[in-house]
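Everything below concerns the one structure shown next.
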Amino acid sequence: MKLGVNIDHVAVLREARKVNDPDILQALYVACESGADQITIHLREDRRHIQDSDVTNIIRFSKVPVNLECSIDEEIIHIVCNEKPHRATLVPEKREEVTTEGGLDLFTHADAIKSAIGQLDQASIPTSLFIDPTIEAITHSKELGAVMVELHTGHFANIYAMLHSSLPYSNHTIKTLELPRNVLEQKLQDAIDALQQAAKHAASIGLEVAAGHGLNYQNVHHIMGIQEITELNIGQSIVARSLFSGLDKAVREMKRLTQR
């Protein structure tokens, strides 16, 4: 299993004070030396964390491939084509959201997505689509010209957290998931089944399969059981643990957990 380490949250901390501390390039070097197979960053339209100069420097200095997440905004796609990361992952994006809340709406934005994939193809940049784990989304991703999909694991992760963490007792509890334990357990199994079925379908039609969003040290073992998923992109949980253990140990431990 390939591990993509998302270092956006290092930049979040830096931007909180508008100083170059912590240094995003130092995070890049530590992640690479600690076993990351890929570096993932998200150039958001509002530039809330990763900046244009970060994209340039990370692609230039990374010892491992760089997966650049981005919206389908024309200006952003132009930047991506010029920077030439090893892969572009098209994701939905709303200014008001804290983090990406779901997969791309492939049907409403089909023309824009197809245009973006065409431009990236011309720049020799493979495209992945960040999608909800449904058969329909998988099939349409192939039709639009993607070579890879990344399955959104947020719903699975939310259910797991409501079952197996202190989230229900915090200010961040998910009201719609405040349900009896037996109901949550069934929902968790349904979410895992949906990811497994989506991954199998994707692989059967020739798409590479990645997964990400909300994955952490406690829940990742469920995803490891889905053989068709060959790459995980994990960021927040790694950076959060690094506050206590250091980034080197945090990456190494996640790398250990994601080996089959």
| request: Please give every one of the lysines within straight-line cross-link reach of residue 2, meaning a C-alpha to C-alpha distance under 29 Å, and leave out same-chain neighbours fewer than 8 residues apart. | output: 63, 84, 94, 114, 142, 187, 200, 249, 255
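If you stretched the chain out fully between residue 112 and residue 2, how much longer would it get, using 0.36 nm times the residue separation minus the C-alpha to C-alpha distance? Mind dumping the intermediate values first?
On the way: separation 110, 0.36 × 110 = 39.60 nm, distance 2.95 nm.
Extra length from residue 112 to residue 2 when fully extended: 36.6 nm.
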| task | Provide the FRET efficiency to the nearest 0.05 for the residue 48-residue 79 pair, computing r from the beta carbons and using R0 = 22 Å. | result | 0.90
| note | For residue 52, the net charge from surrounding residues (Cβ-Cβ under 12 Å; K, R +1; D, E -1) works out to -2
| field | 3J(HN,Hα) from dihedral phi, the range 71-77, Karplus parametrisation 6.51/-1.76/1.60, rounded to Hz, x for glycine, proline | value | 7, 8, 4, 4, 4, 5, 4
| note | 1/(1 + (r/R0)^6) with r = Cβ-Cβ of residue 249 and residue 189, R0 = 35 Å, i.e. FRET efficiency to nearest 0.05, evaluates to 0.60
| task | Please report, in Å, the Rg and the Dmax of the range 2-257, where both are computed over Cα atoms only. | result | 17.6, 51
| Computed over the range 2-257: relative contact order in percent, which uses C-alpha pairs under 8 Å that are six or more apart | 19
| request: Of the options 186, 224, 201, report the single residue whose Cα projects farthest towards the positive end of the charge dipole of the chain (beta-carbon charges: Lys, Arg +1; Asp, Glu -1). | output: 224
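Order 210-217, 253-260 from most to least packed using the mean count of other Cβ atoms within 10 Å. Numbers along the way, then the final one.
Numbers: 210-217: 22.8, 253-260: 15.1.
Going by the mean number of other Cβ atoms within 10 Å, highest first, we get 210-217, 253-260.
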| Dipole magnitude (debye, nearest 20) for the chain, charges at Cβ of Lys, Arg, Asp, Glu | 880
| Computed [θ] at 222 nm, helices only, for the chain once each DSSP H run of length n ≥ 4 contributes -39500 (n - 2.57) | -14500 deg cm²/dmol
| query | Quick one: Cα centre-to-centre distance for the range 228-260 and the range 144-196, in angstrom? | reply | 19
| task | Quickly rank 34-42, 53-61 as a protection proxy: mean count of other C-beta atoms within 10 Å, highest first. | result | 34-42, 53-61
| said: Springs between alpha-carbon pairs under 10 angstrom, Gaussian network model over the chain: which of 165, 141, 242 fluctuates most? | reply: 165
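Just so you know, all these numbers are worked out from the coordinates, no wet-lab data involved. Keep in mind the model is a prediction, meaning the values are calculated, not measured. Heads up, the Cβs are rebuilt from the backbone with ideal geometry, glycines too, and the neighbour counts pull from every protein chain shown.
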